[in-house]
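Peer 1: So that we are looking at the same thing, I have put the structure below in structure tokens.
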Amino acid sequence: MKAPVRVAITGAAGQIGYALLFRIAAGDMLGKDQPVILHLLEITPALPALQGVVMELNDCAFPTLAGIVATDDLNVAFKDVDYALLVGARPRGPGMERKDLLEANGAIFGPQGKALNDHAKRDVKVLVVGNPANTNALIAQQNAPDLDPKCFTAMVRLDHNRALSQLAEKTGKHNTDVKHMTIWGNHSSTQFPDLSHTTVDGKPALELVDQAWYEGDFIPTVQQRGAAIIKARGASSAASAASAAIDHMRNWALGTAEGDWVSMGIPSDGSYGIEPGVIYGYPVTVKNGKYEIVQGLSISDFARARMDATAKELREERAGVEHLFAK
Ligand code: NAD
Ligand code: LMR
């Protein structure tokens, strides 16, 4: 067994929290040889419910669970943490866009960014799940001037996984046969799930499906999947969101598979003509805990227009929250 690492999870008594904590504690995120100390943050009124979750975590007697800190104090929650999953935020209801949550949720992420800045490990890996995830990640990053901006990422992995599963079903293959999927941009209905470079069982995806299905079915289905789940379940996705968060962090910590890439919301650096200053979904590979944008992909006019539209939405979201950035 390795030495324990500290993993903070905010909103730990919420529905994603309930689907996430037990899997992290069981070693699904960082490996069966990596003990974890969970730092669970909740708002004060949710602390009694959080205590119930703590009791259940203990009752699982997981070999990889090395300790639990349950608190409503940001400075305790982020003390010396190696990983932070920022989940705690309000979910949207039917008829809302995720950016409608900016007002309610934006204010959460400035103080959390500052507390991470002041207390977390200098190479902390932060994943923002709470919506609107990309812009909340930007708010946290902008309040953490002493941390490398690359410490802050947003989750587009659920969209990536949804896209794998839609394409696998359409082509009659398994999702493990699908490689080189990309989600560009925002975790919102402007995201661009791009099949230009995707293969299924080694064959180009766009030779296996027709353009009408790609444009009229695949892209909107992936873009609108969150809303479809809210309509069907009466609550936003939870188990699939938790699973995607684990996938994102596992790949960031332990690396991506040889010959494939994953999608992560990361600080734009000008790659593919996306202006710096937003957290944008890119195809990335990871080695030794460091992610790199996959470079040199050809971009068609069709892709360009969609990549620019989702970048524009992110810049608009940014303009609405700049007052929350540290001066
Ligand atoms: P939930 O309401 O069940 O749980 C949220 C929890 O966060 C609650 O227990 C609440 O008390 C807590 N919380 C609120 N403010 C907090 C704060 N300042 N600090 C700590 N905890 C706080 O919601 P959920 O279904 O678990 O969803 C959480 C968020 O994740 C929502 O914003 C939702 O839209 C988002 N989400 C994102 C994705 C994605 O792909 N990025 C997917 C699914 C859900
Ligand atoms: C999702 O994609 O399922 C989440 O972001 C929840 C939502 O509001 O759609």
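Here, each number is a calculation from the coordinates, and none is a lab measurement. These numbers come from a predicted model, not from an experiment. Cβ coordinates were reconstructed from backbone atoms using ideal geometry, including for glycine residues, and neighbour counts include every protein chain displayed.
Peer 1: Taking the range 77-115 only, how many residues are more than 13 Å from ligand 1 (Cβ to nearest atom) and either surrounded by 24 or more Cβ atoms within 10 Å (Cβ to Cβ) or aliphatic (A, V, I, L, M) (or both)?
Peer 2: 1
Peer 1: Just to be sure I understand, how many residues within the range 275-294 are in a loop (DSSP other than H, G, I, E, B) and surrounded by fewer than 22 Cβ atoms within 10 Å (Cβ to Cβ)?
Peer 2: 6
Peer 1: Also: How do the helices (runs of 4 or more DSSP H) wholly within the range 149-235 filter down when requiring 2 or more residues that are within 16 Å of ligand 1 (Cβ to nearest atom) and in contact (Cβ under 8 Å) with a residue 24 or more places away in the chain: which remain?
Peer 2: 157-171, 219-223, 225-233
Peer 1: Might you let me know whether the range 128-144 holds any residue that is over 20 Å from HIS39 (Cβ atoms), in a loop (DSSP other than H, G, I, E, B) and of a type outside the set (A, V, I, L, M)?
Peer 2: Yes.
Peer 1: Out of the residues in the range 1-28 meeting the condition of being touching an Asp or Glu at 6+ places or on another chain (Cβ under 9 Å) and farther than 21 Å from ALA89 by Cα, tell me which one is surrounded by the most Cβ atoms within 10 Å (Cβ to Cβ).
Peer 2: For the range 1-28, the residue satisfying everything is ARG6.
Peer 1: Test SER240 against the criterion of being closer than 24 Å to VAL36 by Cβ and either away from ligand 1 (no atom under 16 Å from the Cβ) or part of a helix (DSSP H, G or I) (or both), and give yes or no.
Peer 2: So SER240 passes the test.
Peer 1: May I pose another question? Scan the range 225-237 and tell me whether some residue there is within 16 Å of ligand 2 (Cβ to nearest atom), touching a helix residue (DSSP H, G or I) at 6+ places or on another chain (Cβ under 9 Å), of a type in the set (S, T, N, Q) and closer than 18 Å to GLY14 by Cβ.
Peer 2: Checking the range 225-237: at least one residue is within 16 Å of ligand 2 (Cβ to nearest atom), touching a helix residue (DSSP H, G or I) at 6+ places or on another chain (Cβ under 9 Å), of a type in the set (S, T, N, Q) and closer than 18 Å to GLY14 by Cβ.
Peer 1: Still on this structure, please answer the following. When you look at HIS180, is it more than 20 Å from GLY11 (Cα to Cα), within 16 Å of ligand 2 (Cβ to nearest atom) and in contact with a Ser or Thr (Cβ under 6 Å, 6 or more places away or on another chain), yes or no?
Peer 2: no
Peer 1: ASP247 - would you say it is closer than 12 Å to VAL156 by Cβ, touching a residue at least 60 places away in the same chain (Cβ under 8 Å), in contact with a strand residue (DSSP E or B) (Cβ under 9 Å, 6 or more places away or on another chain) and among the acidic types (Asp, Glu)?
Peer 2: Spelling it out, ASP247 is indeed closer than 12 Å to VAL156 by Cβ, touching a residue at least 60 places away in the same chain (Cβ under 8 Å), in contact with a strand residue (DSSP E or B) (Cβ under 9 Å, 6 or more places away or on another chain) and among the acidic types (Asp, Glu).
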